[in-house]
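A short worksheet on the structure shown next.
What follows is calculated from the coordinates using simple rules that are stated; it is not laboratory data. Everything numeric in this text was worked out from a predicted model, so none of it was measured. Please note: Cβ atoms are built from the backbone with ideal geometry, for glycine as well, and neighbour counts cover all protein chains shown.
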Amino acid sequence: MARKLLLTHIDVPGIDTLEVYRRQGGYRAVEKALKTMSPDDVVEEVKKSGLRGRGGAGFPTGMKWSFLAKPDGVPRYLVCNGDESEPGTFKDRFLMTKIPHALIEGMIVSSYALGANTAYIYIRGEMMPQIRIVERAIAEAKSAGFLGKNILGSGYDLEVYVQPGGGAYICGEETALLESLEGKRGNPRIKPPFPAVAGLYGCPTVVNNVESIAATVPIVNDGGEEYAKIGIERSTGTKLISASGNLVRPGVYEIELGLPVEEFIYSDEYCGGIANGKRLKAMVAGGSSVPILPNNLATKTAKGEARLMTYESLADGGFVTGTAMGSGGFIAFDEDQCIVRNTLNFTRFYHHESCGQCSPCREGTGWMEKVLHKIEYGHGDIADIDLLWDIQRKIDGNTICPLGDASAWPVASAIRHFRDEFEWHILNPRESQTRNFGLAHYADPLVPVV
Amino acid sequence: MAEEGKFKVTIDGITVDVSPGTTILNAARQIGGDIVPPAMCYYSKLEGSGGKCRTCLVKVSKGSEKDPRPMPKLVASCRTTVMDGMEVQNITSPDVVEARKGVVEMLLINHPLDCPVCDQAGECKLQDLGYEHGADQTRYEFDRRTFERIDIGEQIQLHMNRCILCYRCVYVANQLTAGREHGVINRGDHSEISTFIENALENDFIGNVIDVCPVGALTDRTFRFKNRVWFTKPVDAHRDCPTCSGKVTLWYKGDEVLRVTARKDEFNEVEEFICNSCRFEKKKTADWLLEEPTLIEKDSVITANHYSVFTPPPVIKQNPKLQEANEEQLARTERLK
C-alpha cells in the first residue's frame, strides 16, 4: 500500500471536526513550528522537502517563499488559491470538504513561515458547501486558540479569512485572483512586478494552491528530508490526482510521485482499468490545459521508457511527445470518444473564460471554437486544420497570462496526435455525425514513435 | 560603456543610452523611425495602460550584461523595462513580424471594417497597423460580433463594434475625471466598454476619450459625418481657458471649424488633455488665437494635397500634354516655392 500523507485519516468519521482531527494527531505541526522552530527554519524545511506547487505550474514552493520581499513596516500576505476550476480537476474541493483542518493547519504553519499576520483563502464561488465547511473549521480553530492573537502563547498573531470568488476560471491565475480579492474585475496583472514584491494591496504576497499548503503539515511534522524520500528526482512527496473519464473507479487518489501511469490506470488499487472492457484511446494527465496524449505515448515515453507520474517523466519529449503534470486532473478517454468533440468542448470553455484583456486570447479562442464547431458538425474544410494550427501558434506565448497558452496547447496536441481523426471528420461529414472514429490508426496496433 | 547612471540598450542594432526604468518601447521612441513598435493600447500619459493589445511584442535576444540569457517568450515592449546591455530585436526578428501579423489579424476578425462610413478613417491607428503589418485578406469566415450603438452623453457616441478593447478610455475616465462611471463589462470577446447602466458621461474632461481611442469606437457627435479628415485642414490654436491649457488643433473646412481636438505628437498621443467646452462649444475662429498649420507626418493621409510640394517627374516636364493635365498642381507648386 502506497504511503499517504494528506488523506491518511480521510475515512475516520467526523474528521472534519477539530476534535476528531486533533485526536488523529492534528495541529501537531502548529505546535512544533510555533514552539520549537523559527520562521526561517520552516522555510528551510520546505526547501529541503523539494515540494513543488500543486496548482499546475510546479514551481518549487520553498523557492517561491524565499523570493518574498520583506521590507520593514509593510504587511505580508499569504493567499490560498482555492479557485479550482480547471476541467478535470477536483482534488482541492475534495480536500476542503473532507479534511478542512489540514488546510487551516497548513495555513497557520505557512503564514508563520512567511511572517504573515493576515491570510486569505480564496474559494471558487460555486463551492458554497466547501466555503461553509472551511469557515466552520476556522471558527473551531479560533475558539481552540490556533488562530487569533498570541497563538499558543508564542506571540504570533494570525487571522484567516475566506473569500468566495465569482466563479471565473481566470481568477485562478494568481494576479487575477489578487485583483478579485481586492474587489476589482478579475483581470490578470502584467508581470513584473510579481506578487512576491507587490501583490495584494501592493504588499508582498505569496499565493499557494490548497494542496501545497496542506502538504506543509507533514513536512513540518516529519521534516523536509523525510518528505523528500518519497518520489523520484525533483518530484518529491505525494500528489492528489483527480481521475475522471472512462475509468472503472474514477475519484481522488493520493499517489507517491513516481508511480507508473500504466499502474495508475490499470491497477486495482487505483483506477482499475478502462470501464466496460474498452481500450484506452487518449489521456489528459493534468487538467484540460495540458497536451492530450494518445494511447501509445500515455504509458510509454517516446524513448520507450515507462512513463511515470512525475513532473519530469510526464514532460519527457517536450510538447511534441510529452505533456505536463499540471494540476493533476487525470482524464482517460476510451476508444468511443471523439477527440474533435472533446477539443471543441475544451476550447469552448477557454473561449467562455477568457477575460478579454489581451487580443490574441480574446479573439483567438473564439475563432478556434468556431472553426472546431464547423469541423465537428460536418462543415469543415481540410484547410481548417492548418488554420487551427496557425491560430493556436499565434496565441501560444503571446498573451499576458497562461490562459492563452492553456487554450492553445489542447488544440495543438489534438492536431499533432490525432490529425487523421480531424481529416476523417472533414472528409466524411455525414458518417462523422453518426459514429466515432475509434482508435487512432497508429495506436492500434501499437507502433513505436521514432 | 554607458553614460553614468544610464542603461545601454540595443534595438535592431541601434544603441541608445536611456535612464533606468525606461520601457523598451520608450527607448525605441528615443531612437525613432521604423524600429518603433506599434502601440495600440499603451499611452504614455495614462498610468497603468499598455500590455493588452500585444502589437508591440518584441524579442529580447540578450537579457542584460549581467544575465545574457534571452527571454523565453516575446515580451510586450511597452511594459518591459530595459536592463543594462539589453539587446532587442523588433523588425529584424521574423518571430516578431509573424506574431505581430497574428495580433493584427486577431484585432481585425471582429472589427467591422466599415472604414468608408467611419469618422476615424484617415487618422485611425488600426488602419495604419493593418496597412503596415497585416495580411492582405482575412481567413475569418464567421459572423462578427455586433453591438448596438450607444450615445453616451450629448457629444460622444460609442460604437462598440469597432472597439479593440485597448482600455485607454477606461484609464482616461478613471484618471482624468472624478467618479468611476465608465468601465468594461462582460468577459472575453463579449467584453464591452460601457458606462454605468448607460449613464450619460457628464464630466469636464470626458471628451478626451475620443482622442485616446485608437479606432472609431468613440466618436465626436458634433463632427459625425460632417467630413472626411483628409479634406479638413488642421491648424494649431489656443485660447485662455479657465479649466484646461486651451492648446488645441482646429480642423477647418473652408472658413468653418468642423471640430476641435487636442494636439497630438508623432506617436499619436495627446500632448495636453483639453476640456469639453474647448472641444465641443468653441467652434468659431473668433474664439481662438491661431498659431500655425499643424505639423502632420508626411506619410499621413491627412496631408494629402495640402502641404506637400508637388515635384513633377521628368516625364511631365518633357510632355506638354501632361503639363496641361497637371496644370493646377504645377501652378500650386510655383506658388509654394
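Sorting check: for B:149-155, A:390-396, which peptide has the highest mean count of neighbouring beta carbons within 10 Å, and how do the rest follow? Please report the intermediate quantities before stating the final value.
Details: B:149-155: 15.9, A:390-396: 22.6.
The packing order, highest mean first, is A:390-396, B:149-155.
Only sites in a loop by DSSP and with at most 11 other Cβ atoms within 10 Å count here; which trypsin sites (Lys or Arg not before Pro) in segment B:46-135 make the cut? Write out the running numbers ahead of the final one.
Values: sites: B:K52, B:R54, B:K59, B:K62, B:K66, B:K73, B:R79, B:R100, B:K101, B:K125; in loops: B:K52, B:R54, B:K66, B:K73, B:R79.
The qualifying sites are B:K66.
Running a GNM on chain A with Cα contacts under 10 Å, which residue among A:E140, A:E31, A:E182 ends up with the highest mean-square fluctuation?
The residue with the greatest mean-square fluctuation here is A:E182.
Could you tally the net charge around A:S432, taking each other residue with its Cβ under 15 Å from the Cβ of A:S432, Lys/Arg +1 and Asp/Glu -1? Please list the in-between numbers first.
Details: positive: A:R341, A:K374, A:R419, A:R430, A:R435; negative: A:D336, A:E376, A:D381, A:D384, A:D420, A:E421, A:E423, A:E431.
Computed value for this residue: -3.
Taking every residue in B:106-116, how many Cβ atoms of other protein chains lie within 10 Å of its Cβ, on average?
Across B:106-116, the average partner-chain Cβ count within 10 Å equals 3.
Just need the Rg to Rh number for segment A:332-416, please, alpha carbons only, Kirkwood Rh.
That ratio is 0.96, to two decimals.
May I ask you to list the trypsin sites (Lys or Arg not before Pro) in segment A:76-172 that are in a DSSP loop and have at most 14 other Cβ atoms within 10 Å of their Cβ?
Qualifying residues, ordered by number: A:K149.
Please compute, for peptide B:79-88, the average count of beta-carbon atoms on other protein chains lying within 10 Å of each residue's beta-carbon.
The mean count of partner-chain Cβ atoms within 10 Å per residue comes to 1.
Got a sec? Charge dipole of segment A:152-221, +1 on Cβ for Lys and Arg, -1 for Asp and Glu; which of A:Y201, A:L152, A:S212 is way out at the positive end?
Toward the positive end, the furthest listed residue is A:Y201.
Under the Karplus relation 6.51 cos²θ - 1.76 cosθ + 1.60, θ = phi - 60°, what is the ordered set of whole-Hz ³J(HN,Hα) values for segment A:189-200, x standing for Gly and Pro?
Residue by residue, segment A:189-200 yields 7, 8, 9, x, x, 7, x, 4, 9, 9, x, 5 Hz.
Is it possible to state the helix-based mean residue ellipticity at 222 nm for chain B, with each DSSP H run of 4+ residues giving -39500 (n - 2.57), the sum divided by total residues, to the nearest 500 deg cm²/dmol? What is it?
My calculation for chain B gives -5500 deg cm²/dmol from helical runs alone.
Looking at segment B:98-149, which GluC sites (Glu not before Pro) are DSSP coil and have at most 16 other C-beta atoms within 10 Å of their C-beta? Don't skip to the end; give the middle numbers.
Values: sites: B:E98, B:E105, B:E123, B:E132, B:E141, B:E148; in loops: B:E123, B:E141, B:E148.
For GluC sites (Glu not before Pro) across segment B:98-149 that sit outside H, G, I, E and B with at most 16 neighbouring Cβ atoms in 10 Å, the list reads B:E141, B:E148.
If r is the Cβ-Cβ distance from B:E297 to A:R341 and R0 is 51 Å, what FRET efficiency results, to the nearest 0.05?
0.50
Relative contact order for segment B:7-100: what percent, with Cα pairs under 8 Å and sequence separation of 6 or more?
With pairs under 8 Å counted, the relative contact order is 35 percent.
Please figure out what share of the DSSP beta bridges in segment B:1-90 is antiparallel and state it in percent, rounded to the nearest 5.
Antiparallel: roughly 80 percent of the beta bridges in segment B:1-90.
Given charges of +1 on the Cβ of Lys and Arg and -1 on the Cβ of Asp and Glu, with all other atoms neutral, how large is the dipole of the protein assembly as shown about its Cα centre, in debye to the nearest 20?
Computed about the Cα centre, the dipole is about 280 debye.
With the Cα gyration tensor of segment A:18-229 giving a ≥ b ≥ c as the square roots of its eigenvalues, does the rule (a/c under 1.5 for rounded; else a/b larger than b/c for prolate; else oblate) give rounded, prolate or oblate?
Details: a/c = 1.39, a/b = 1.18, b/c = 1.18.
Note, shape of segment A:18-229 comes out rounded.
Tell me the net charge near A:H101. Cut-off is 11 Å between Cβ atoms, A:H101 excluded, with +1 for each Lys or Arg and -1 for each Asp or Glu.
Value of the local net charge: -1.
Using a Förster distance of 45 Å, how high is the FRET efficiency between B:F147 and B:E328, based on the Cβ-Cβ distance and rounded to 0.05?
FRET efficiency, B:F147 to B:E328: 0.50.
Any idea what the relative contact order of chain B is, in percent, if you count C-alpha pairs under 8 Å spaced at least 6 apart?
Relative contact order here is 12 percent.
Using θ = phi - 60° and the Karplus relation 6.51 cos²θ - 1.76 cosθ + 1.60, list the HN-Hα couplings for segment A:372-383 in order, rounded to whole Hz, with x at every Gly or Pro.
5, 4, 4, 5, 4, 9, x, 10, x, 10, 5, 6
For the charge dipole of the protein assembly as shown, defined by +1 on Lys and Arg C-beta atoms and -1 on Asp and Glu C-beta atoms about the Cα centroid, which residue among A:V162, B:C244, B:F267 has the Cα displaced farthest towards the positive pole?
Result: A:V162, furthest along the dipole toward the positive end.
How high is the relative contact order of segment A:232-334? Use alpha-carbon pairs under 8 Å, at least six apart in sequence, and give a whole percent. Let's see the in-between values first.
Working: 230 pairs, mean separation 33.9, N = 103.
It rounds to 33 percent for segment A:232-334.
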